[in-house]
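Notes for the one structure printed next.
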Amino acid sequence: MDRLISPPRDQLQILRTPLTAGEKEVFELFDQLLPPAWEIYIQPHLNGLRPDFILLNPNVGIAVFEVKDWNLDAVRYWHERDAQGRLQLWSTNNQGRDYKVRDNPIEKIRLYKDQILDLFCPRLGIQVAEAFSASAVITGGVIMTRATTKRARELLDPFLTQSAVGGNAAPYHPIAGNDALKARAIDKIFPDYKRPQSIHMDPSFADDLRSWLCEPDHASAQREPLPLNDKQRRLATTRPERGYRRIKGPAGSGKSLVLSARAAQLAMEGKDVLVVTYNITLLHYLRDLAVRYPQSGHGFTNRITWLHFHRWCKQVCVDAGAGEEYKSLRRNRQRSEDPDDGSFPASALARLVGQVIDSASDKVRRFDAILVDEGQDFNLDWWNVLRKVLRPGGEMLLVADRSQDIYGRARAWTDVAMNNAGFRGIWAELPVSYRLPEKFVPLLRRYVQEHLPEIGENLPEAIPFDPPSNRQLELPTEPVKFRWIQVQAPEHAVEACAWAFRDTQAFADPWHVSVSDITLLTTTINQGLECVEALHSKNIRVVHTFDEDWRKAQRLKHAFFMGDARAKACTIHSFKGWESRALIVLVASAKSVDERALVYVAMTRLKRHSEGSVLTVVCSAPELEAFGKTWPNFQYYQPHAKNEFGKP
């Protein structure tokens, strides 16, 4: 029988966080000596936690291991008690300063075991709590690859004693060193490895844990090169005759792939590149795409500058000594629901930055190429200001989708106006959506026809089947599930959304969806905060962008990226340009055209996936109820029982 290994064995050499020499040695020992029924999960994304290894046997139990390559001869470690008498681990850094060690492996494995019982496998937690200690079901071990077992135990045993772990439970908290590794003494490293079964373990408990352990889509995708078709590759590798190119296409047609690939290509040619977006969070996504461009890797980053437009404006002003003028304009900004820092008076901002560039040109950085994503979010004056920092003979690229115009700015981009923006000729066009699941495209088109007829251009088209070589990602029969949950009482919307989040993995069955891949989108910051609080109350960790203080919200956006091990949540505004295989969209209102446009933008973020994609719309807007009833899975939300999320 083949062993389940995640990520697969042939992918371990190209992990984004490479295995250390010690971790490789431990993996080889587990893979060679454990019975085949033991599954091996390497650096799993576990609700924000990242243990080194988790071993799972559906009939026996669970083991979690921390691997430390600490050299106890090179660095001093010791114990010390704090004012409350609690034992702490201390060390000395390279500068000779003493510090408290924050990644104490004993504390970490204790946290992992608690989380497994309380959150990841709650049914197992209930069973073992009623029977006896959980130790016989979950092994928590530490392997020190550069110290002997004797020295490792001398250092760490006191923390096990402090935790009241000992006696019969001691074999389930093994501490092993490099002597055990060299002797291939698997019985010393993992004493329970030969047990044939446990009366406390059940395959259903293993299913509970697997739903958290499966590798996130983002992590596996980052190891694959960018999937460019012939037309996308041509746009990414060629320079337009006059230096200016504009590309349009529907959601998922590969516009961002082309832009990121072009940025990487230019950087590889030694050019200085500026990539600009309106959306703060989008930069992380574009940068992840660029890393996947063939032969680019991470070395190109010193030639590409990634900035959202207002940050670039601030940087120009500060560099030119006009920081106070920028601050003065910022103090007069308008507050809006738009989560990005983009509510400056548009013309005043462009005028200020243009004047700064003209008056202090020697202090302003210039670029060989300037690439703008989600161009429909930009004011035309902003584009022309960016042109001022393009070096002679440089290149500019604009990609846009009018159907995603949630700020109403694309209406000013007429053909006449664009003639004065450096463009000539027709748009390059990418008409086919390769991201969206094929079965979902007709539903999206019908939504636009019924609720947004004014944007009836750049709508996604079904992917052609002939010839097969043209199919992006080559997913001819990708599975997808989508459902509509109508909430009749708006005060239950957040509760319904939290329930849908917790139910996503069950809804996705039989496909495995990592919690890290689940993304919650809301139209407002306040509802987003309420949803995050509801999930936190159930111990589900979420990386999000919500804060009523826009300064704090900006910092949260800069820290928001799909590689985070936690679940994701943000406004629809901040997720525009991104994608996810597991989406939950909370719709509070759909009275205005702008609100209905946001719903369309949110639904187009769904990403097709060979192992299934899922979309849940939780809607308290009566205007869309009739549309929701046309979905294959429609249900009304039933209010919650006390202390529990409700259930449709």
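The values are calculated or read from the model by the stated rules, or taken from the named source; none is laboratory data. Everything quoted here is computed from the prediction, not taken from an experiment. Cβ sites come from the backbone with ideal geometry, for glycine too, and all protein chains shown count toward neighbours. Just so you know, the surface numbers come from the protein's heavy atoms only, side chains and all, with ligands and any DNA or RNA stripped out. Shrake-Rupley method; radii C 1.70, N 1.55, O 1.52, S 1.80 Å.
May I ask you to work out the translational diffusion coefficient for the chain at 25 °C, viscosity 0.890 mPa s, via Stokes-Einstein with Rh from the Kirkwood sum over Cα pairs, reported in whole µm²/s?
Approximately 91 µm²/s, per Stokes-Einstein.
Whose amide H sits under 5 Å from the amide H of Met144, counting only residues 5 or more places off or on another chain, with H placed in the peptide plane?
So Met144 has HN proximity to Lys68, Ala176, Gly177.
Which order do peptides 532-542, 15-25 fall in by mean Cβ count within 10 Å, highest first?
In decreasing order of mean packing, 532-542, 15-25 become 532-542, 15-25.
Output wanted: per-residue J couplings in Hz (rounded whole) for the stretch 349-354, from phi through Karplus 6.51 cos²θ - 1.76 cosθ + 1.60, θ = phi - 60°, x for Gly and Pro.
5, 4, 5, 4, 5, x
Whole-Hz Karplus ³J(HN,Hα) for the stretch 257-273, in order, using 6.51 cos²θ - 1.76 cosθ + 1.60 and θ = phi - 60°, x for Gly and Pro?
4, 5, 4, 5, 5, 5, 4, 5, 4, 5, 5, 5, 8, x, 8, 8, 10
Rg/Rh for the stretch 366-436 to two decimals, with Rh computed the Kirkwood way over all alpha-carbon pairs.
0.97
For the chain, with the dipole built from +1 on Lys and Arg beta-carbon atoms and -1 on Asp and Glu ones, taken about the Cα centre, which of Asn57, Leu156, Tyr112 lies farthest toward the positive end?
Farthest towards the positive pole: Leu156.
Filter the cross-link list Lys24/Lys188; Lys538/Lys576; Lys231/Lys576; Lys100/Lys552; Lys24/Lys182; Lys439/Lys629 down to pairs whose alpha-carbon distance in this structure exceeds 21 Å.
Violating the 21 Å limit, Cα to Cα: Lys538/Lys576; Lys231/Lys576; Lys100/Lys552.
At 1.4 Å probe radius, can you tell me the per residue accessible area of the chain in Å²?
On the way: 26940 Å² over 648 residues.
With all protein chains present, the chain gives 42 Å² per residue.
In terms of solvent-accessible area of protein heavy atoms at a 1.4 angstrom probe, what is the ranking of Ser361, Ser514, highest value first?
Ser361, Ser514
Fully extended, how many nm does the chain gain between Glu324 and Ser204 (0.36 nm per residue separation, minus their Cα-Cα distance)? Display every interim value, and only then the final one.
Numbers: separation 120, 0.36 × 120 = 43.20 nm, distance 6.18 nm.
Separation in residues times 0.36 nm, less the Cα-Cα distance, equals 37.0 nm.
Strictly over 31 Å apart at the Cα level, which of Lys271/Lys568; Lys314/Lys607; Lys271/Lys363 would you flag in this model?
Details: Lys271/Lys568 35 Å; Lys314/Lys607 34 Å; Lys271/Lys363 19 Å.
The pairs that break the limit, which is 31 Å between Cα atoms, are Lys271/Lys568; Lys314/Lys607.
Viscosity 1.002 mPa s, temperature 20 °C: give me the Stokes-Einstein translational D for the stretch 19-80 in µm²/s, with Rh taken as the Kirkwood radius over C-alpha pairs.
Answer from the Stokes-Einstein relation: 161 µm²/s.
Just how large is the dipole of the stretch 7-67 about the Cα centre, in debye to the nearest 20, putting +1 at every Lys and Arg Cβ and -1 at every Asp and Glu Cβ?
The calculation lands at about 180 debye.
Rounded to the nearest 5, what % of DSSP beta bridges with both residues in the chain are antiparallel? Working shown, then result.
Details: 18 of 80 bridges.
So the antiparallel bridges in the chain amount to around 20 percent.
Magnitude of the Cβ-charge dipole of the stretch 551-590, K/R +1 and D/E -1, about the Cα centre, nearest 20 debye?
220 debye
Across the stretch 191-206, in residue order, what do the Karplus-derived ³J(HN,Hα) couplings come to in whole Hz, using 6.51 cos²θ - 1.76 cosθ + 1.60 with θ = phi - 60° and x for Gly and Pro?
x, 8, 5, 8, 4, x, 6, 9, 5, 9, 9, 9, x, 5, 5, 4
Stick to the Cα atoms of the stretch 544-648, pair each with every other, and give me the Kirkwood hydrodynamic radius in Å at one decimal.
After inverting the mean inverse Cα-Cα distance, the result is 15.7 Å.
Using only the heavy atoms of the protein chains and a 1.4 Å probe, how would His284, His308 rank by accessible area, largest first?
Sorted descending by solvent-accessible area, the residues read His284, His308.
Arrange the peptides 449-455, 93-99, 573-579 so that the one whose residues have, on average, the most other Cβ atoms within 10 Å appears first.
Put in order of decreasing packing, that is 573-579, 449-455, 93-99.
Projected onto the charge dipole of the chain (+1 at Lys/Arg Cβ, -1 at Asp/Glu Cβ, origin at the Cα centre), which of Ala417, Cys214, Val542 gives the Cα projection farthest towards the positive end?
Highest projection toward the positive end goes to Ala417.
Just to check, using Stokes-Einstein with a Kirkwood Rh over alpha carbon pairs, what's the diffusion coefficient of the stretch 471-572 at 20 °C and 1.002 mPa s in µm²/s?
143 µm²/s
Given the options Ala369, Gly628, Trp499, identify the residue whose Cα lies farthest towards the positive end of the charge dipole of the chain (+1 on Cβ of Lys, Arg; -1 on Cβ of Asp, Glu).
The residue sitting most towards the positive pole is Ala369.
Assigning unit charges at the beta carbon (Lys, Arg +1; Asp, Glu -1) and nothing else, what dipole magnitude in debye, to the nearest 20, does the chain show about its Cα centre?
Its charge dipole is roughly 1380 debye.
According to the square roots a ≥ b ≥ c of the eigenvalues of the Cα gyration tensor, what is the shape class of the stretch 1-117, taking rounded for a/c under 1.5, prolate for a/b larger than b/c otherwise, and oblate for the remainder? Write down the numbers at each step before the final one.
Details: a/c = 2.56, a/b = 1.70, b/c = 1.51.
Since a/c reaches 1.5 and a/b is larger than b/c, the shape of the stretch 1-117 is classed as prolate.
Strictly greater than 13 Å: what percent of every Cα pair in the stretch 250-299 meets that?
The answer is 56 percent, as a whole percent.
In the stretch 188-258, if every C-alpha pair distance is counted and binned at 5 Å from zero, what percent goes to each bin?
3, 10, 12, 12, 11, 8, 7, 7, 5, 6, 7, 5, 3, 2, 0
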